[in-house]
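Peer 1: Take this structure, written in structure tokens, and hold onto it; I'll ask about it next.
The values are calculated or read from the model by the stated rules, or taken from the named source; none is laboratory data. Only a predicted model underlies this, so the values are computations on that prediction, with no experimental measurement involved. Reconstructed Cβ throughout: ideal geometry from the backbone, glycine too, with neighbour counts over all protein chains shown. What goes into the accessible areas is simple: the full protein's heavy atoms, side chains included, and nothing from ligands, DNA or RNA. Shrake-Rupley method; radii C 1.70, N 1.55, O 1.52, S 1.80 Å.
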Amino acid sequence: MKNQNTQNNSTIYLLTFILSLLLTFQTEKSNAQGCVAVRQMGGQNMTLTNSYNLDKGDFQVGVNYRYFHSWRHFIGKEEQPLRQTTGGGLDENGNERGNAVNIYSHAIDLNISYGLTNRLQLNFTLPYVNNERSQVLRQVPTTKNYRYSVYADGIADIRLSANYWLFDPTKTPKGNIMVGLGVKLNNGRHNEMDNAPQADGTVKSVVMDQAIQPGDGGIGITTELQLFRKISERLYGFANGYYLFNPKESNGTFKSEPKPGLEGYEIYACPDQYFGRAGLMVAVDKNQKFNVSLAGRVEGIPAYDVFGGQVAYRRPGYVVAVEYGFAYNTGRHGFSLFIPYNVVKTRIQSAADIATQDLANSKITNPSKYVHIQGDAAFADYSINFGYTYRFSHHKKMNIPVFNAPKTSH
């Protein structure tokens, strides 16, 4: 009977560990946003805290890779399909080409987690990004417009955090709540430049768009919440999310020349961002090594920050996605694949849009002729997120191959 109970407990702990894996490898940041410059933060510290039973002194390392291609333009929730077919000049056959902005993004996070105690973990994330922005050079006549690409890559903003399980993992295998607090540094370049052709036929080194910059230029504070609950023998419910507070108003990088009455809005902002996710996970095979999940998620950038000034330029917006997840573990190794598909894409009015609108309407005497100003943004249909983790344990013998069982069962 004792051996059977031990086996059952090991099964439960293994499921909770796998569930934590599912809570880790999202991304973002999400993260298939495109012109709405959500950084790869959706997986922030989650990869590091997939250690439901990370014992004191244990290390865990992980790598997370994300890819997306954004190309669909939206104003509000309305897609702008003409961006795909017009405004880009003519091809070799005389057919009209689109002028949509295309962004191709590759991002890799290196994550390290350390168990300060059985409930408190310290986390470090080092991100790297490689981004391409393909756009159309507008010329006169427009039939001569042509497409070109610019690039920005490098180390992005480092994240440090601490996460704490509110209940003792050794006593609550059926569910728990984790809270986290961290800091996002400003080491990533936010003023990366590349050579771009100009309408007059010259080539000029210019600052890249905010959407592809490795960093945002601000030091931010991150808050996190993660929870799960066992529903039946192999089924779990889970939810997790974060909010990045970026108090700095702008990073000093100029998007364009200043306009009278709109000074400050030509400088790129250091925006807040947010992420939320909830769903179900089930173990498929009898050995409970292969798991699938289905979740809903929302992520984006608000029009205004919670703290700090608001006079700066950003493209705020959000996506709502259905996320399909798969996870597999063997021994100390864990693998995951998550594919969120964006079902709602929304580019909301920014502070710059509203300021421009107010300035324009202040010069109109007839309220019926007031204008509404709202910019657009390009979004991806989906993103691909692949993750891998490896656990280093100070225990010479582990009761189960993936992670250390609670000390009470040693």
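Peer 1: Identify, please: which residue in the range 262-283 is assigned to a loop (DSSP other than H, G, I, E, B) and closer than 23 Å to LEU185 by Cα and is, among those, farthest from the chain's Cα centre (by Cα)?
Peer 2: Among those residues, the one meeting the criterion is CYS270.
Peer 1: For the range 308-395, list the strands (runs of 3 or more DSSP E) that sit wholly inside it and hold at least 2 residues that are in contact with a His (Cβ under 7 Å, 6 or more places away or on another chain); which are they?
Peer 2: Because the criterion is at least 2 residues that are in contact with a His (Cβ under 7 Å, 6 or more places away or on another chain), the strands (runs of 3 or more DSSP E) in the range 308-395 that meet it are 377-392.
Peer 1: Then there's this: Exactly one of these conditions fails for GLY279: (1) surrounded by fewer than 18 Cβ atoms within 10 Å (Cβ to Cβ); (2) more than 18 Å from GLY215 (Cβ to Cβ); (3) small (Gly, Ala, Ser). Give me its number.
Peer 2: Looking at each condition in turn, GLY279 falls short on (1).
Peer 1: Among the residues of the range 146-174, count how many are among the β-branched types (Val, Ile, Thr), surrounded by fewer than 19 Cβ atoms within 10 Å (Cβ to Cβ) and within 25 Å of the chain's Cα centre (by Cα).
Peer 2: Residues in the range 146-174 being among the β-branched types (Val, Ile, Thr), surrounded by fewer than 19 Cβ atoms within 10 Å (Cβ to Cβ) and within 25 Å of the chain's Cα centre (by Cα): 2 in total.
Peer 1: Of the residues ILE384, ILE400, which is hydrophobic (A, V, I, L, M, F, W, C) and modelled with pLDDT of 95 or more?
Peer 2: So the residue among ILE384, ILE400 that is hydrophobic (A, V, I, L, M, F, W, C) and modelled with pLDDT of 95 or more is ILE384.
Peer 1: Would you list the strands (runs of 3 or more DSSP E) that sit entirely within the range 31-133 and hold 3 or more residues that are in contact with a helix residue (DSSP H, G or I) (Cβ under 8 Å, 6 or more places away or on another chain) and either modelled with pLDDT of 90 or more or open to solvent by less than 10 Å² (accessible area, probe 1.4 Å) (or both)?
Peer 2: The strands (runs of 3 or more DSSP E) meeting that bar are 59-75, 102-115.
Peer 1: Also, I was wondering about something else. Out of the residues in the range 134-159 that are in a strand (DSSP E or B) and of a type in the set (Val, Ile, Thr), state the one that is farthest from LYS184 (Cα to Cα).
Peer 2: Taking the candidates together, the pick is VAL136.
Peer 1: Now for a different question. One residue is enough: does the range 136-144 have a residue meeting the conditions in contact with a Gly (Cβ under 9 Å, 6 or more places away or on another chain) and at positive phi?
Peer 2: no
Peer 1: Could you please find all residues in the range 284-307 being closer than 21 Å to PHE338 by Cα, assigned to a loop (DSSP other than H, G, I, E, B) and open to solvent by less than 20 Å² (accessible area, probe 1.4 Å)?
Peer 2: Passing the criteria: only GLN288.
Peer 1: Output the number of residues of the range 212-261 satisfying the condition of being open to solvent by 20 Å² or more (accessible area, probe 1.4 Å), under 30 Å from ASP358 (Cα atoms) and not in a strand (DSSP E or B).
Peer 2: 10
Peer 1: For the range 207-219, does any single residue satisfy the condition of being over 22 Å from the mean Cα position of the chain (by Cα) and not small (Gly, Ala, Ser)?
Peer 2: yes
Peer 1: If PHE228 passes every condition in (1) of a type outside the set (S, T, N, Q); (2) closer than 30 Å to LYS289 by Cβ; (3) at pLDDT 95 or above but one, which one does it miss?
Peer 2: Here PHE228 meets the rest and fails (3).
Peer 1: In addition: Name every residue in the range 194-211 that is of a type in the set (Asp, Glu) and either open to solvent by 40 Å² or more (accessible area, probe 1.4 Å) or not in a loop (DSSP other than H, G, I, E, B) (or both), in order of residue number.
Peer 2: Listed by number, the residues that qualify are ASP194, ASP200.
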